[in-house]
1. Only one of these conditions is not met by residue 47: (1) surrounded by fewer than 10 Cβ atoms within 10 Å (Cβ to Cβ); (2) modelled with pLDDT under 95. Which number is it?
2. So which residues in segment 70-115 are of a type in the set (Phe, Trp, Tyr), surrounded by 10 or more Cβ atoms within 10 Å (Cβ to Cβ) and assigned to a helix (DSSP H, G or I), if there are any at all?
Amino acid sequence: MSSVVTPPPIHVPYAARETESAPLREKRKRPSRFVLPVYTALLMLYLVSPIMMMILYGFNDIPGERQTPRFWGFTLDWYRSVFADPSLNEAVRNSVMIAIVAAVRVWCSLPMYFA
């Protein structure tokens, strides 16, 4: 190994190069800096609002079978009637069984992945 030391550049003194830093330029305040956050917030509101409406109207106490946009009151009857349907219970049971089998198969295949 050689111990060759390169001298500092001629136009910058050695002491000034270590202590002083270059002046930082002030960032410009552009009005377009709000475009992406506002667009993202509006898009998220657009995507989440139907889900929130479904949750809200899931608790709506509607007289009769007709679905109306008016909120009549709070009830849990719709969720009670969902669990009273035997075919829906069987579908949920099948979905849970498939999810359990898939999780077990993934868990069993992990040692082969890391081998």
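1. Just one mismatch for residue 47, condition (2).
2. Those that are of a type in the set (Phe, Trp, Tyr), surrounded by 10 or more Cβ atoms within 10 Å (Cβ to Cβ) and assigned to a helix (DSSP H, G or I): 78, 79, 83.
The values are calculated or read from the model by the stated rules, or taken from the named source; none is laboratory data. Since this is a predicted model, take the numbers as computed values, not measurements. For neighbour counting, all protein chains shown are included, and Cβ atoms are generated from backbone atoms with ideal geometry for every residue, glycine included.
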